[in-house]
Amino acid sequence: MKKTVTTLADGRELIYYDSADDTVRDAVDPRPLDAVSTSSEIRRDPLLGDSVAIASHRQGRTYHPPADECPLCPSREGRHSEIPDTGYDVVVFENRFPSLAGDSGRCEVVCFTSDHDVSFAGLTEEQAGLVLEAWTDRTADLAELPQVAQVFCFENRGAEIGVTLGHPHGQIYGYPFVTPRTEQMFRSMDSHRAETGRNLFDDVVARELAGGERVVLEGEHWVAFVPYAAHWPYEVHLHPRRRVPDLRELDEAARTEFPQIYLELLRRFDRIFGPGEPPTPYISAWHQAPFRAPGREEFALHLELFTIRRTPGKLKFLAGSESGMNVFINDVPPEAAAQRLREVASE
Ligand SMILES: [Zn+2]
């Protein structure tokens, strides 16, 4: 893998990740861009104790551009995009419309491929492996920034999720604080340790593997299951068998197997609702330990993949109970979801 760090016309950082070690990336961004002005502000909610990023500049962001004006496609003669070169393997750059910036963190965009019309599930194992390298490298780089407490790599896929650009891409958020979900997991982890003397994540994974009815697939180094109390209609948690706190600590064997397992999972997601249905909208979310949290070694890196579609043509909305009270109601029993995800295997 070769990494080339460069800057865009407005000073934002752009990084190429290439599989060929002899690739040269020296294209210059010729666009007359104004410097990025962001007004992102973190406000603490005094009742809930959580934080909200107020980001009014995002209202002007690019919204469903036509495919020939895609800002994530490579540049070509007469049309310059966010990527100055005429091709790329994987590229990461600072978001021009960040929710978090400066002292309040950092937002990056990851383009998985230069091919506008493919989805992550359509990548080759080599391409998916390069994306994993990019996620890992970004986590390592952002760990060095004092204003970043936690790194979140994720993909929103599908217009139903609110994706405004059709090009296959994900995002990386460097939060300036530990997120509420992660804080909650730490509390659960700590009380489980106090009560049992054991690691919570180890026990959860062991219980799923022993029961088996919610296991979706098992590799030599990864296991995927629908959690016992899944919140979403189809939700899968993917864990490396050897527990590590973040992407940087995955070993070579787990890295090598990841593309195969993850691509299979994504392809099964697209088959859940049967042929003829549009691709399944999903959110794919990496959970990593915050960099400076006490007990971070106890945390388990894992990926949570879920869809908001519950049946063909019907979405699960976060309505009164979910949005008003944080109580999820799931119409699809987790055991049935796991059964479906096993029967749509590609083998
Ligand atoms: Zn594109």
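Laboratory data are not the source of any read-out in this text; all were calculated from the coordinates shown. Predicted model, so just to flag it, every value in this text is computed and none were measured. Cβ: placed from backbone, ideal geometry, glycine included. Neighbour counts: every protein chain shown.
Please state which one of Leu165, Leu209 is farther than 30 Å from Lys2 by Cα and either surrounded by 20 or more Cβ atoms within 10 Å (Cβ to Cβ) or in contact (Cβ under 8 Å) with a residue 12 or more places away in the chain (or both). Quick ask: steps written out before the conclusion?
Values: Leu165 fails: farther than 30 Å from Lys2 by Cα.
After applying the criteria, what remains is Leu209.
Take the residues of the range 156-205 that are more than 16 Å from the ligand (Cβ to nearest atom) and part of a strand (DSSP E or B): which is nearest to the chain's Cα centre (by Cα)? Steps first, answer last, please.
Filtering the range 156-205 for residues more than 16 Å from the ligand (Cβ to nearest atom) gives 160-162, 172-205.
Those still in the list that are part of a strand (DSSP E or B) too: 172-175.
Details: Ile172: 7, Tyr173: 9, Gly174: 12, Tyr175: 14 Å.
Among those residues, the one meeting the criterion is Ile172.
Is it the case, given these coordinates, that Glu94 is in contact with a Pro (Cβ under 9 Å, 6 or more places away or on another chain) and not polar (S, T, N, Q)?
Details: in contact with a Pro (Cβ under 9 Å, 6 or more places away or on another chain): no; not polar (S, T, N, Q): yes.
The answer is no for Glu94.
I need every pair where a residue in the range 145-162 that is free of Cβ contacts under 8 Å to residues at least 40 places away in the same chain has its Cβ under 9 Å from the Cβ of a residue that is in a strand (DSSP E or B), sequence separation at least 6 or different chains.
Close Cβ pairs (under 9 Å, with a partner that is in a strand (DSSP E or B)) amount to Leu145/Arg106; Leu145/Gly174; Gly162/Asn156.
How many residues are more than 24 Å from Thr179 (Cα to Cα), out of contact with any Lys or Arg (no Cβ under 8 Å at 6 or more places or on another chain) and among the charged types (D, E, K, R) when one looks only at the range 283-337?
Adding up the residues that qualify gives 1.
For the structure I just gave you, tell me whether Gly105 is touching a Pro at 6+ places or on another chain (Cβ under 9 Å), surrounded by 17 or more Cβ atoms within 10 Å (Cβ to Cβ) and more than 29 Å from Arg268 (Cβ to Cβ). Walk me through how you get there before you give the answer.
On the way: touching a Pro at 6+ places or on another chain (Cβ under 9 Å): yes; surrounded by 17 or more Cβ atoms within 10 Å (Cβ to Cβ): yes; more than 29 Å from Arg268 (Cβ to Cβ): yes.
For Gly105, the condition - touching a Pro at 6+ places or on another chain (Cβ under 9 Å), surrounded by 17 or more Cβ atoms within 10 Å (Cβ to Cβ) and more than 29 Å from Arg268 (Cβ to Cβ) - is met.
Select the strands (runs of 3 or more DSSP E) contained entirely in the range 1-116, then report the ones holding at least 1 residues which are more than 29 Å from Pro176 (Cβ to Cβ). If you could, list the steps in order and put the result at the bottom.
Working: elements: 2-7, 13-18, 41-44, 51-54, 90-94, 106-111.
Hits in the range 1-116: 2-7, 13-18.
What's the total number of residues in the range 266-282 that are surrounded by fewer than 18 Cβ atoms within 10 Å (Cβ to Cβ), of a type outside the set (Asp, Glu) and not in a helix (DSSP H, G or I)?
5
Spot the failing condition for His80; the list is (1) within 15 Å of the ligand (Cβ to nearest atom); (2) without any contact (Cβ under 8 Å) to a residue 60 or more places away in the chain; (3) out of contact with any Pro (no Cβ under 7 Å at 6 or more places or on another chain); (4) not small (Gly, Ala, Ser), and only one is missed.
In the conditions (1) within 15 Å of the ligand (Cβ to nearest atom); (2) without any contact (Cβ under 8 Å) to a residue 60 or more places away in the chain; (3) out of contact with any Pro (no Cβ under 7 Å at 6 or more places or on another chain); (4) not small (Gly, Ala, Ser), His80 misses (3) alone.
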